[in-house]
Amino acid sequence: MITFDLKNQFKKVRHASKRRSIQLIISLSFTIVAVISMVFVTLAIYTSYINTARQTTIENNKQVIDQMSWTVNSYLRNMMGISNSMYYSVIKNLDLTSDTMNKEMDLLYEANKDDLISIACISQDGALISAAPIATRKTGVDFTEQDWFLSTEEKIENFHFSKPHVQNMFESSNYRYYWVVSLTRSVDLNYMGYTRRGILLVDMNYSAIEQMFSRVNERGAGYVYLIDSDGDIIYHPKQKAISGGLLQENNMEAVSYDDGSHMEKFLGEKRAVVVKTIGYTGWKIVSVMPVSELSAPFNQFRAFMIIIVTVSIFLIVFGNIIISKIVTEPIRRLENSLKSIEDGSLEADEVYIGGSHEIRHLGRTIRSLVLQMRDLMDERVREQKEKRKSELNALQAQINPHFLYNTLDSVIWMIEAEKYQDAISMITSLASLFRISLSKGNNIITIKDEITHARNYLAIQKVRYKNKFEANIDIDPAIEDCVTIKLIIQPLIENAIYHAVGDLDDEGIIDIKGYEKDEDIYIEVRDNGMGIPPETLANLLVEKTKSGGKGSGIGLWNINQRINLYFKNDYGLTLESELDEGTVATIHLPKMTMDEYMGGDGNEK
Amino acid sequence: MKNKKLIRLFVISVLLLLLFDSIINFRYGVKRKDLVKIVFLVDGDNPNDYENMKAGAISAGEDKNCLIDFVNISKEEATEADVYFVVANHNLRYYDGTDMVDDFSLAEDFSNYVLANSDCDSILLVSSGDNKEYVNAIEGFKTSIIESGRKVEYRPLSKDVKKLKQSMYNLEQSGLFDTVIALDRPSLSAAVEANTRINPFVKIYGVDNSSEAVYYLDNGSVEALAYKDEYSMGYTAVRHALKDYSLDKIAKEKSFYYIADRDVLYSDDMEMVLFPFVK
């Protein structure tokens, strides 16, 4: 269920993203820019801070090591001072046979016993000349086999510092064994006026060195150890573990480092190493700080930065969504308004106007357009209604029962009078009349058809009126195929018959003329009747003016109105009349063929 | 509808954000390391007997926020700890229930050394008290010595110092044995003292690495010592307790005991194990 829903949601999101709405573009682009900027800045600050902090830690380490170096150096110098003091103040000035050497040695030992385990003077052949505090050599101990003895004999001009070892040369009444670092030097011994070589041994209490380094190693972060010039460990906080094979140290590599800070990788761990050489001895103090411990204090900072970044991204994303929603809401509402318009709703009041100035302007413009559209459509509807109404009127007029009755009466009379040909002719004319009247429902027919309709009407009326008048039809053949509205000539003829020539005795003339002029078509229906008084003439083209009692009832207004409706107000019906002379009704139409009309050209006109 | 969706999305995002930030804070935040309390339950009343093991344990636990304590086994129920190690007769029971030092192997190797380095015929094994912890060692000694065709006898002596010394004196005076292997410190001290007084021809060996034993070895009172590397035992045990399993393999392969005589007493390796730093 949940999977299905997720799929649907994913599809919706994909669909929404494809649509690329303004809100999506705005929120996405701002989010991306803001997030990238923020991440970049955060990374830069974080990296810079971490590097600076690391460097600071390393520098602090260096300072500690420098301090340690000074302390150890000072201690060793002190020891060398004791050795010098013993040699130059005592040994050089005294003969070996004198007792004073022992006393002096004891005094010197007592003065420095916190740092010393023993002092001894040994002859070149390994005989113990003097020692403090214990002057008895342990049974079985041969001084000449000791490492310190051999290295001193090898280079007599230098001080020698041994590796830490357990002092095992002198008898001891207790079970205590001391770790010492032996400082030795070659000395000149005076023996009854002769100079003999010997060795002055100063056993420094190793615990002094051990305490110095233990204090530093209590800091907790990393550790410090001490190696000699061969890389052998003198002090290491985990020396026993190393010698027991439980731990490894990179001391052999460290001895090759110059003084300063280095980065090394040992047993898969990256470490920051600071090395400092202690002057005379060649010993090196090595400080080791695992890089992970360097970073440990900054873990909280890192967590803080990550949290800040994630919260900021969260705020940016949602802030952008909300702000873009606020910004694009008016656009969306305006879009919805347009959709309603698309769907056919032309309510101008429903067009949304709101939001920023530009959106409000758009809304107002759209509303105005909607109003204009509605007005135009209303006008169009009104025109169509008028058209239909006029056509309906014209059509209804064609089914004028009086005309039909009279015509049929005439036919009956002709049949009764055995004037069958006349009857046939009249029925034929009537049929043709009605056929063209209907014109299969078309309102636009050719002038030819309209004239045929007029001819049929005239034929019927001439019979009815017993040829009281003459009708002449003169239509320019060039215009016969042009279009006209149906039922516009016949009503004029009808009017001419009823109101002009119908009452004349054989003198009535109706002339129907059609011609082209100035690229338009004119059809005149002229009669020589009594004419129309001016006041009546003025009102003839006014709506709802009906012909008095007779005729089809299609008013001249109807004819003019239909022409205006189909062909605009540039065209129409005009009347001219002179009293006692006659009347001319002129139909003005655009010149266009049926094809032109159907092709849309007529619609323009 | 859309607003409801947005609100729902907002709530879910907040929850995810909180979850993510909690994870980050847990992983990278200030880590108050949980204190791990490790207790070594030891026999004997003198906790200084296990000073080497304690030094190794403390060294292993440095910078790891752990508390290490050595407590007499009788106080086990009153002690609360995260990890317990049982130590009996200077032998530590490892996490898998095995003793870190196989007393039988130690005894076998030591007896082989004794047999190879001395012309002994009759060997006396002594201990102060009849401690069942010596059973494996005695078995190891006996097996090896009997196989070589020599005589061997075990005598558990009194724990009382006076009686112990007297018994030891009597035994050495009897002349029945030419070699004594003392299985603990009191019996070793008694054997050395008795030997000094009467019969310097009895060779004494000991299973001990106390400073007295080392002194005896150094001054020739004792021929050789077999001893357990308690520092390494304590170190390894604590590393395992702190979930550093890198030493488990080493622990399986390492023997955790040594045999030292005067020739190697002051060698670099032996020095480090036998001689603690004295402040």
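The values are calculated or read from the model by the stated rules, or taken from the named source; none is laboratory data. On a predicted model such as this, the values are computed, not experimentally measured, just so you know. Note that each Cβ is placed from the backbone with ideal geometry, even for glycine, and that neighbours are counted across all protein chains shown. Areas reflect the complete protein model, heavy atoms only, side chains present, ligands, DNA and RNA absent. Shrake-Rupley method; radii C 1.70, N 1.55, O 1.52, S 1.80 Å.
Assorted remarks:
- The shape of the stretch B:124-193 comes out oblate: with a ≥ b ≥ c from the C-alpha gyration tensor, a/c is at least 1.5 while a/b does not beat b/c.
- Cα-only Debye scattering, the stretch B:218-268: base-10 log of I(q)/I(0) at q = 0.13, 0.23, 0.29, 0.30 Å⁻¹: -0.43, -0.84, -1.08, -1.12
- Burial of 20 Å² or greater, the stretch B:229-245 residues [accessible area, probe 1.4 Å, versus chain by itself]: B:Tyr231, B:Ser232, B:Tyr235
- Positive-pole candidate from B:Phe256, B:Ala224, B:Tyr235, dipole of the stretch B:220-264, charges at beta carbon: B:Tyr235
- Placing unit charges on each Cβ (+1 for Lys and Arg, -1 for Asp and Glu) gives the stretch B:88-144 a dipole about its Cα centre, and among B:Gly140, B:Ala116, B:Thr98 the Cα reaching farthest toward its positive end belongs to B:Thr98.
- For A:Trp557, the solvent-accessible surface with a 1.4 Å probe is about 50 Å², rounded to the nearest 10.
- Per-peptide packing, taken as the mean over residues of other Cβ atoms within 10 Å, places A:194-207, A:309-322 in the sequence A:194-207, A:309-322 from highest down.
- Each Lys and Arg adds +1 at its Cβ and each Asp and Glu adds -1 at its Cβ; summed about the Cα centre, the stretch A:161-306 shows a dipole of about 180 debye.
- When peptides A:37-50, A:404-417 are sorted by average Cβ neighbour count within 10 Å, with the highest value leading, the order is A:404-417, A:37-50.
- For the protein assembly as shown, share of DSSP beta bridges that run antiparallel, in % to the nearest 5: 70
- With the largest listed first and rounded to whole Å, the semi-axes of the equivalent ellipsoid of chain B from the Cα gyration tensor are 53, 17, 16.
- Residue among B:Gly149, B:Ser167, B:Val214 farthest towards the positive dipole end of the stretch B:103-227, charges placed on Cβ: B:Ser167
- Point-charge dipole on Cβ atoms (K/R +1, D/E -1) for the stretch A:21-302, about Cα centre, debye to 20: 940
- Under 5 Å between amide hydrogens, built in the peptide plane, is the criterion, and for B:Tyr257 it picks out B:Asp229 among residues at least 5 positions away or on other chains.
- Diffusion coefficient (Stokes-Einstein, Kirkwood radius over C-alpha pairs, 4 °C, 1.567 mPa s) for the stretch A:1-133: 57 µm²/s, rounded to a whole number.
- Interatomic Cα distance distribution for the stretch A:335-439, bins of 10 angstrom, percent: 13, 23, 14, 11, 11, 11, 10, 5, 2, 0
- Surface composition of chain A: carbon plus sulfur atoms contribute 53% of the solvent-accessible area (1.4 Å probe, protein chains only, all chains present).
- Rounded to whole Hz, the Karplus (6.51, -1.76, 1.60) HN-Hα couplings of the stretch A:577-584, x for glycine and proline: 8, 10, 4, 6, 10, x, 10, 10
- Look at the alpha carbon pairs under 8 Å that are at least 6 residues apart: their mean separation over the length of the stretch A:21-302 gives a relative contact order of 17 percent.
- Per-residue mean of foreign Cβ neighbours for A:302-311 is 5 (Cβ atoms of other chains, 10 Å radius).
- For the stretch B:103-227, the relative contact order is 24 percent, taking Cα pairs closer than 8 Å that sit 6 or more residues apart in sequence and dividing their mean separation by the residue count.
- Of the listed residues A:Asp511, A:Asp481, A:Asp5, the order by accessible area with a 1.4 Å probe, largest first, is A:Asp481, A:Asp5, A:Asp511.
- Relative to one another, the C-alpha centroids of the stretch A:255-297 and the stretch B:1-22 are positioned 49 Å apart.
- Net charge contributed by nearby residues that have their C-beta within less than 10 Å of B:Asp103 (K/R +1, D/E -1): -4
- Convex hull of Cα atoms in the protein assembly as shown, direction-averaged projection (nm²): 74.5
- Given A:Lys448/A:Lys517; A:Lys163/B:Lys249; B:Lys37/B:Lys249; B:Lys132/B:Lys249; A:Lys389/A:Lys591, the pairs whose alpha carbons are separated by over 20 Å: A:Lys163/B:Lys249; B:Lys37/B:Lys249; B:Lys132/B:Lys249; A:Lys389/A:Lys591
- The reciprocal of the average 1/r between distinct C-alpha atoms defines the Kirkwood hydrodynamic radius, which for the stretch B:186-263 equals 14.2 Å.
- When chain B is treated as a GNM with alpha-carbon contacts under 10 Å, the residue of B:Arg197, B:Arg27, B:Arg155 showing the greatest mean-square fluctuation is B:Arg27.
- In summary, the convex hull built on the alpha carbon positions of the stretch A:169-283 has an orientation-averaged projected area of 10.8 nm².
- With a 10 Å cut-off around each Cβ of B:211-223, the average count of Cβ atoms from other chains is 2.
- Per-residue mean of C-beta atoms belonging to partner chains within 10 Å, peptide A:321-330: 1
- At least 24 Å along the helix axis (C-alpha) and Kyte average at least 0.0, DSSP helices within chain B: B:2-28
- Annotation for the A:B interface, with buried accessible surface near 4000 Å², both sides summed [1.4 Å probe; non-protein components not counted].
- Amide H contacts of A:Ile473 (H built 1.01 Å from N, under 5 Å, at least 5 apart or other chain): A:Ile512
- The stretch B:194-236: Cα Rg divided by the 2.2 N^0.38 Å rule of thumb: 1.38
- The mean accessible area for residues of the stretch A:21-302, using a 1.4 Å probe and ignoring ligands and nucleic acids, is 47 Å² per residue.
- Note that the stretch A:74-79 has calculated 3J(HN,Hα) couplings of 4, 4, 5, 5, 4, 5 Hz, one per residue in order, obtained from phi through the Karplus relation 6.51 cos²θ - 1.76 cosθ + 1.60 (θ = phi - 60°); glycine and proline are x.
- Stokes-Einstein diffusion coefficient of the stretch B:105-157, Kirkwood radius over Cα pairs, 37 °C, 0.692 mPa s, in µm²/s: 296
- The stretch A:130-222 - Debye-derived log10 I(q)/I(0), Cα point model, q = 0.13 Å⁻¹: -0.56
- 11 Å beta-carbon shell around A:Ile447, net charge (K/R +1, D/E -1): -3
- For chain A, averaging the sequence separation of C-alpha pairs within contact (under 8 Å, six or more residues apart) and dividing by the residue count gives a relative contact order of 9 percent.
- Dipole size of the stretch B:10-165 about its Cα centre, with +1 on Lys/Arg Cβ and -1 on Asp/Glu Cβ: approximately 380 debye, rounded to the nearest 20.
- Compactness of the stretch A:173-241, expressed as Rg and Dmax over alpha-carbon positions, Å: 17.7, 59
- Semi-axes of the equivalent ellipsoid of the stretch A:21-302 are 56, 17, 15 Å, computed as sqrt(5λ) over the eigenvalues of the C-alpha gyration tensor in descending order.
- Tensor-based shape of the stretch A:401-598 (alpha-carbon gyration tensor, a/c under 1.5 rounded, otherwise prolate or oblate): oblate
- Excluding ligands, DNA and RNA, the accessible surface per residue across the stretch A:329-471 is 62 Å² with a 1.4 Å probe.
- For the stretch B:145-273, the solvent-accessible area works out to 44 Å² per residue, with a probe of 1.4 Å and every protein chain left in place.
- Ranked packing of B:211-222, A:369-380, A:24-35, most packed first, by mean Cβ within 10 Å: B:211-222, A:24-35, A:369-380
- FRET efficiency, A:Val381 to A:Asp476 (Cβ-Cβ, R0 45 Å, nearest 0.05): 0.75
- Per-selection metrics, the stretch A:265-307 (Cα): Rg and Dmax in Å: 15.6, 53
- A:Val274 accessible area, assembled protein chains, probe 1.4 Å, Å²: 10
- Amide H contacts of A:Gly555 (H built 1.01 Å from N, in plane; Pro and chain starts excluded): no residue 5 or more places away or on another chain comes under 5 Å.
- Look at where the Cα atoms of the stretch B:175-251 and of the stretch A:430-495 average out, and the two centres are 149 Å apart.
- Averaging 1/r across all pairs of distinct Cα atoms in the stretch B:103-227 and inverting the result yields a Kirkwood radius of 13.9 Å.
- If you take the Cα centroid of the stretch A:135-209 and the Cα centroid of the stretch A:319-349, the two points sit 100 Å apart.
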